[in-house]
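Undergrad: The structure that follows is given in the form of C-alpha cells.
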Amino acid sequence: MLDTSRPASRILTVLEMLQDRPGITGPQIANELDVSGRTVRRYITTLQEMGVPVEPTTGRHGGYALRPGFRLPPMMFNADEALGLAIALLMSRTTRGAELPLGVESALAKIERVLPSELSRRIHALREGVSLPVDDHLGSPSFPDPHVLAKLAQACITRQRCWMRYSRPDGDESAREVDPYGIGAFFGRWYLHGWCHLRNDHRTFRIDRIRRVDVLPQTFEAPEEMDVIAAIESSLALSWTTWRIEVEVEASVSDVREYVPRSFAIVEEIGEGRSRIRGSSNTLEWFVLRIAELPFPMRIIEPPELRDAFRRCAERMLEIAERS
C-alpha cells in the first residue's frame, strides 16, 4: 500500500486511479487524497511531463483518463509468487463465502486474469475452498480501511504522532492524538498500540474503528524494548467489561503460561513458585472452563461470584458423567 501522505506516492496513486477508473474527475481525486483541486492539477501536469498520456474527458464535470491503449508495464510473477500472493490476499477473508475487503477483490481478480489458465484455476480453487476460523467470543472479524492501516504503519516506522477520530462500540466518537508504537493482528482484527495523549496513558485501539487518521509532524521516542504484541495481548486480556477476575496459582509464571495464553489473561509473579492471573470476562463460566485445565492449586481472589461459577460448572460436569 502506498503512503499517500508523500507527494511522490500521491502521484503514483493518481496514476492508479486513472488506470482503474477512466474519467475520474479532479474533485473525486482531491477528495480521496484529501488535497486541493490545484494540487490535483499539479499532479496531472507532473504525470504528463513524465510522458504519461493523461487526457481530459468530456462530460458535465469533465475528468481525466489515460490515452486508449496505454497500460502500465505488467508485474511478472512465477507460480510460487502468484500462489503466495493469492493466499496473502485471502487471509483478509474470515469465513467461506464472505466478501473480501475493499481493494482486495479487484487485486485478486487482476491476478487471475493475467495468469496462465492452470495457475488461475489453482487460485480460483483457493478462493472457493479456503476459509479461516472465526472467534465467536470476539464477534465478527473485520478488515480495516487500507488507507488508514497504511498511514498508521508508516507513522509507526517514522515515529510520528497521529491525529485520529476513534469510534467507540456505542457509536460515540472522540478525537485524539496518539504516538503509535506498533500494529498487530489477532483473531481477525487489527490493533494499534501506543501512547494516547487524551488519556495520558498506554492504549490499544481497534483499527477498523478509526474513522480518519492524519500523520502529524511531531515525532516521539518509543519506550525501549517495547513488545507491542505482548502489550496488545495484555490489553485484550482486560478488554471485557462485565467481570474483572483475579486468581492466585501455586505455580511459577513459566508453568502457568503453558496453559494460559497472553491474550486470555495477564500472569504475574507474586512470590517464589506463586503467580497471579488477572483477566476479564463477560461470562464467568467461560473463564472457569478456560482455566480449569491448570493442574495447580488455585485460590479465587475476586470476584466472589467466581466461586459459584466453579460450583455450577463442576455440578454440570458431574451430572454429565453420572448420566453417561
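The values are calculated or read from the model by the stated rules, or taken from the named source; none is laboratory data. Since the structure is predicted, the reported quantities are computational estimates derived from the model, not experimental observations. Methodologically, a virtual Cβ is constructed for each residue, glycine included, from the backbone with ideal geometry; neighbour enumeration extends over all protein chains shown.
Undergrad: For region 162-179, which residues satisfy the criterion of being over 22 Å from residue 241 (Cβ atoms), surrounded by 16 or more Cβ atoms within 10 Å (Cβ to Cβ) and out of contact with any His (no Cβ under 8 Å at 6 or more places or on another chain)?
TA: Once the filter is applied, which keeps residues that are over 22 Å from residue 241 (Cβ atoms), surrounded by 16 or more Cβ atoms within 10 Å (Cβ to Cβ) and out of contact with any His (no Cβ under 8 Å at 6 or more places or on another chain), region 162-179 yields 162, 164.
Undergrad: Being touching a helix residue (DSSP H, G or I) at 6+ places or on another chain (Cβ under 6 Å) and at pLDDT 95 or above: is that true of residue 275 here?
TA: Against the criterion (touching a helix residue (DSSP H, G or I) at 6+ places or on another chain (Cβ under 6 Å) and at pLDDT 95 or above), residue 275 qualifies.
Undergrad: Name every residue in region 253-267 that is touching a helix residue (DSSP H, G or I) at 6+ places or on another chain (Cβ under 9 Å) and either surrounded by fewer than 14 Cβ atoms within 10 Å (Cβ to Cβ) or not charged (D, E, K, R) (or both), in order of residue number.
TA: Of all residues in region 253-267, those touching a helix residue (DSSP H, G or I) at 6+ places or on another chain (Cβ under 9 Å) come to 259-267.
Answer for region 253-267, where residues must be touching a helix residue (DSSP H, G or I) at 6+ places or on another chain (Cβ under 9 Å) and either surrounded by fewer than 14 Cβ atoms within 10 Å (Cβ to Cβ) or not charged (D, E, K, R) (or both): 259, 260, 261, 263, 264, 265, 266, 267.
Undergrad: Is it the case that residue 118 is assigned by TED's automatic domain parsing to the domain that holds residue 191, modelled with pLDDT of 75 or more and exposed (fewer than 14 other Cβ atoms within 10 Å of the Cβ)?
TA: So residue 118 fails the test.
Undergrad: So is residue 243 touching a residue at least 12 places away in the same chain (Cβ under 8 Å), in contact with a Pro (Cβ under 7 Å, 6 or more places away or on another chain) and either among the aromatic types (Phe, Trp, Tyr) or in the same structural domain as residue 181 (by TED's automatic domain parsing) (or both) or not?
TA: Working: touching a residue at least 12 places away in the same chain (Cβ under 8 Å): yes; in contact with a Pro (Cβ under 7 Å, 6 or more places away or on another chain): yes; either among the aromatic types (Phe, Trp, Tyr) or in the same structural domain as residue 181 (by TED's automatic domain parsing) (or both): yes.
So residue 243 fits the description; yes.
Undergrad: Any residue in region 48-61 that's modelled with pLDDT of 85 or more: show its pairings with residues that are in a loop (DSSP other than H, G, I, E, B) at Cβ separation under 7 Å, as long as the two are six or more apart or on different chains.
TA: Pairs found: 53/67; 53/70; 55/67; 56/62.
Undergrad: To continue, here is another question. Can you say whether residue 175 is at negative phi, in contact with a strand residue (DSSP E or B) (Cβ under 6 Å, 6 or more places away or on another chain) and modelled with pLDDT under 90, as far as the supplied structure shows?
TA: When the stated conditions are applied, residue 175 does not pass them.
Undergrad: Follow-up question, since we're still on this one. What is the residue count in region 296-314 for residues that are part of a strand (DSSP E or B) and surrounded by fewer than 13 Cβ atoms within 10 Å (Cβ to Cβ)? Spell out how you get there, then give the answer.
TA: Going residue by residue through region 296-314, those that are part of a strand (DSSP E or B) are 298-302.
Among the residues that remain, those that are also surrounded by fewer than 13 Cβ atoms within 10 Å (Cβ to Cβ) are: 299, 302.
The number of residues fulfilling the criteria is 2.
Undergrad: Which of the residues that make up region 212-228 are farther than 30 Å from residue 32 by Cα, surrounded by 15 or more Cβ atoms within 10 Å (Cβ to Cβ) and at pLDDT 90 or above?
TA: 228
Undergrad: Quickly run through region 276-295 and pick out the residues that are farther than 19 Å from residue 317 by Cα and surrounded by fewer than 17 Cβ atoms within 10 Å (Cβ to Cβ).
TA: Residues of region 276-295 farther than 19 Å from residue 317 by Cα: 276-282.
Answer for region 276-295, where residues must be farther than 19 Å from residue 317 by Cα and surrounded by fewer than 17 Cβ atoms within 10 Å (Cβ to Cβ): just 282.
Conditions (1) in contact (Cβ under 8 Å) with a residue 60 or more places away in the chain; (2) polar (S, T, N, Q); (3) within 24 Å of residue 184 (Cα to Cα), marked per residue:
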{"residue": "239", "(1), (2), (3)": "no, yes, yes"}
{"residue": "258", "(1), (2), (3)": "no, no, yes"}
{"residue": "291", "(1), (2), (3)": "no, no, no"}
{"residue": "310", "(1), (2), (3)": "no, no, no"}
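Undergrad: For region 207-295, list the strands (runs of 3 or more DSSP E) that sit wholly inside it and hold at least 3 residues that are over 25 Å from residue 162 (Cα atoms) and in contact with a strand residue (DSSP E or B) (Cβ under 8 Å, 6 or more places away or on another chain); which are they?
TA: 243-249, 266-271, 274-281
Undergrad: Pairs, please: C-beta under 9 Å, at least 6 apart or cross-chain, first residue closer than 16 Å to residue 207 by Cα and part of a strand (DSSP E or B) and in region 155-173, second among the hydrophobic types (A, V, I, L, M, F, W, C) and at pLDDT below 90?
TA: Close Cβ pairs (under 9 Å, with a partner that is among the hydrophobic types (A, V, I, L, M, F, W, C) and at pLDDT below 90) amount to 164/148.
Undergrad: Continuing with the same structure: Restricted to region 177-191, and to residues that are among the hydrophobic types (A, V, I, L, M, F, W, C) and touching a Cys at 6+ places or on another chain (Cβ under 8 Å), which residue is nearest to residue 220 (Cα to Cα)?
TA: Result: 178.
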